[in-house]
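Right, one structure below, let's go through it.
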Amino acid sequence: MDELKNIIRDIQDFPKKGIVFKDITTLLSDGRSFHRMVDLIAHRYIGQRIDKVVGVEARGFVLGSALAYKLGAGVTLVRKPGKLPYKTRGKTYQLEYGSDTLEIHEDAFKEGDRVIIADDLLATGGTMVAVYDLVTELGAEVVECAFMAELAFLQGRKKLPEDKVFSLLTF
């Protein structure tokens, strides 16, 4: 795992002073590392019935789409307000540096769909709690929330059900 961790670069004071941003674009742009990362995460779910992978705007689209392809599942997008063309349901949540709102199509799932929620990074957990709530309110079962990386010192996983969080890399 250190090989993958070492590819991710730190950007100081982004998006604001005092924040050290984990820039995953370096891992995504390296074909061998990207392939390995997707395979390592997807391996957890091989043989399980996964109906949809939810990709969270924007970097979660990359991971979510790759996982869905690998698992033969559909992709559902969670986006910022006004970006989805059909009727939506939304949630406002707190970020580590402000607040935001996300939306999902209200017909994104059939009752009982088994879903993985995928995003690049688990930080404070606010984004994922909002997405988790949206998915379950629409009748889907969250199998797990899957992350490429987690900033453990921010304790975001404590905001989610204990058995529903997987992070490939921990910082």
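Of all residues in the range 26-53, those being among the hydroxyl-bearing types (Ser, Thr, Tyr), surrounded by 14 or more Cβ atoms within 10 Å (Cβ to Cβ) and farther than 24 Å from residue 132 by Cβ number 1. Inspection of the range 72-84 identifies no residue that is under 22 Å from residue 150 (Cβ atoms) and assigned to a loop (DSSP other than H, G, I, E, B). When every residue of the range 67-78 is checked against the conditions, none turns out to be of a type in the set (D, E, K, R) and either farther than 28 Å from residue 29 by Cα or at pLDDT below 95 (or both).
Being under 16 Å from the mean Cα position of the chain (by Cα) and assigned to a helix (DSSP H, G or I): is that true of residue 124 here? Spelling it out, it is not the case that residue 124 is under 16 Å from the mean Cα position of the chain (by Cα) and assigned to a helix (DSSP H, G or I).
Identify, please: which residue in the range 93-121 is more than 15 Å from the chain's Cα centre (by Cα) and small (Gly, Ala, Ser) and is, among those, modelled with the highest pLDDT? Checking each candidate, the answer is 108.
Taking the criterion of being assigned to a loop (DSSP other than H, G, I, E, B), surrounded by 12 or more Cβ atoms within 10 Å (Cβ to Cβ) and out of contact with any Leu (no Cβ under 9 Å at 6 or more places or on another chain), the only residue of the range 15-25 that qualifies is 19. Residue pairs whose Cβ atoms lie under 8 Å apart, sitting 6 or more positions apart in sequence or on different chains, and linking a residue in the range 38-60 that is farther than 11 Å from residue 117 by Cα to a partner that is part of a helix (DSSP H, G or I) and among the basic types (Lys, Arg), are 38/70; 39/70; 42/70. Residues that are surrounded by fewer than 11 Cβ atoms within 10 Å (Cβ to Cβ), more than 21 Å from residue 166 (Cα to Cα) and either aromatic (Phe, Trp, Tyr) or in contact (Cβ under 8 Å) with a residue 40 or more places away in the chain (or both) do occur in the range 83-93. Suppose the filter is assigned to a helix (DSSP H, G or I) and closer than 26 Å to residue 170 by Cα; does residue 62 pass it? Against the criterion (assigned to a helix (DSSP H, G or I) and closer than 26 Å to residue 170 by Cα), residue 62 qualifies. What pairs can you find where one residue is in the range 101-113 and of a type in the set (Ser, Thr, Tyr), the other is not in a loop (DSSP other than H, G, I, E, B), and their Cβ atoms are less than 8 Å apart, with a gap of 6+ or different chains? Filtered contacts from the range 101-113: 101/90; 101/91; 101/92; 101/93.
The values are calculated or read from the model by the stated rules, or taken from the named source; none is laboratory data. Computed from a predicted structure; not experimentally measured. Positions of Cβ are backbone-derived with ideal geometry, glycine not excepted, and every protein chain shown enters the neighbour counts.
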